[in-house]
Every structure is written in C-alpha cells, then in structure tokens.
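Notes to accompany the following structure.
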Amino acid sequence: NGGFVYVKSDGFLYYRSNTKTETELSSPGASSQTVTTENSTPIAITLTNKNSIVLIDTDAIGGASAVSIDKLPSQFGSGATLTFKDSTGDANASNIVITTADAETMDGSDTLTIGTDFGWAQLVSDGSNWFIISGNGYSLS
C-alpha cells in the first residue's frame, strides 16, 4: 500500500506508510530467536517468541507444504519477525505455501509461496500486518 521498511542511522528498523506515519519495528539486541524444524504438513505456526525461524523439510513432507500463521500480528506487536526457509532444497518440486489466519496480509497479499530450492522469506510485523523485509525464491498472490 505504498509503505516501505528501512533502517535509520540509530540502527532501528522502521516502517513508513504512504501517509508518512513512522512505526519503529525493532531495536538492536532484540530478544533471541526460536528455531524450529517442521517435517509434516499442515504446519500451524503458533509463535512463542517474537523472533522465530521455521525450517521446513520439504523433502520429508514429499509434497506441497501448507503453512498457516495462527496468531495475529497484533498479539506480538510491532517488531515480531518470522523467517521461513526450505531447509532441504526441494521447494521447486514441493512448494511451501504460507497463509495468514485472519484478515492480515503479507505485503498486501494473502498468500506467500516459496517455490525455489533453498528459498526463504523473512517477515516483520507492524502490529497489524506482515511485511517482507528480505528473501529469495518467493512469490505473492
């Protein structure tokens, strides 16, 4: 919707909307990350940590991986991060399809698909929606 994510000289991550409202998303030294490996589908992501990495074993799943983010961004507030990664290099044959549980979006889209081997996407919350801040081998729909 015309907004963008950026890092200011203070080292903090910010989101600026098209109405020029600036929201701080994270700070240096944020809480530690939680890393989980998923090898069966469907995968329901219920975050226990504001910063989570989900490694998805597409080889063990053997087909498309259905991932849903069960908690709303508002339950974590600004700065929560999620990283999804094809950990076994089979996403080209077995896509990872990520959806949200409610009306929130990911860069304005309902679905994020990782379809490249070893592809990944990192999302950050502004408290209302998710925004892609980095990644490789994903598409939105």
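Only one of (1) modelled with pLDDT under 70; (2) assigned to a strand (DSSP E or B) is not met by Ile53, so which one is it?
The one condition Ile53 does not meet is (1).
Identify all residues within the stretch 86-110 that are part of a loop (DSSP other than H, G, I, E, B), within 22 Å of Gly127 (Cα to Cα), open to solvent by 40 Å² or more (accessible area, probe 1.4 Å) and not acidic (Asp, Glu); write none if there are none.
Ala101, Ala103, Gly108
Inspect the stretch 76-85 for any residue being more than 13 Å from the chain's Cα centre (by Cα), assigned to a strand (DSSP E or B) and touching a residue at least 24 places away in the same chain (Cβ under 8 Å) and give the result as yes or no.
Yes, some residue in the stretch 76-85 is more than 13 Å from the chain's Cα centre (by Cα), assigned to a strand (DSSP E or B) and touching a residue at least 24 places away in the same chain (Cβ under 8 Å).
If the Cβ limit is 7 Å and pairs must be 6+ apart or interchain, which residue in the stretch 122-135 that is more than 15 Å from Ile69 (Cα to Cα) and without any contact (Cβ under 8 Å) to a residue 40 or more places away in the chain pairs with which residue that is open to solvent by 20 Å² or more (accessible area, probe 1.4 Å) and of a type outside the set (A, V, I, L, M, F, W, C)?
Ser134/Gln122; Gly135/Gln122
Could you tell me which residue of the stretch 123-137 is most open to solvent (accessible area, probe 1.4 Å), considering only residues that are of a type in the set (Ser, Thr, Tyr) and assigned to a strand (DSSP E or B)? Break it down stepwise before answering.
Kept after step one, since they are of a type in the set (Ser, Thr, Tyr), are these residues of the stretch 123-137: 125, 128, 134.
Next, only the ones that are assigned to a strand (DSSP E or B) stay: 125, 134.
Working: Ser125: 0, Ser134: 36 Å².
Restricting to residues being of a type in the set (Ser, Thr, Tyr) and assigned to a strand (DSSP E or B), the top hit is Ser134.
The values are calculated or read from the model by the stated rules, or taken from the named source; none is laboratory data. What you see is a predicted model; the values in this text were computed from it and never measured. Neighbour counts are summed over all protein chains in view; Cβ atoms, including those assigned to glycine, are modelled from backbone coordinates with ideal geometry. These accessible areas exclude ligands, DNA and RNA; they are computed on the full protein's heavy atoms, side chains included. Shrake-Rupley method; radii C 1.70, N 1.55, O 1.52, S 1.80 Å.
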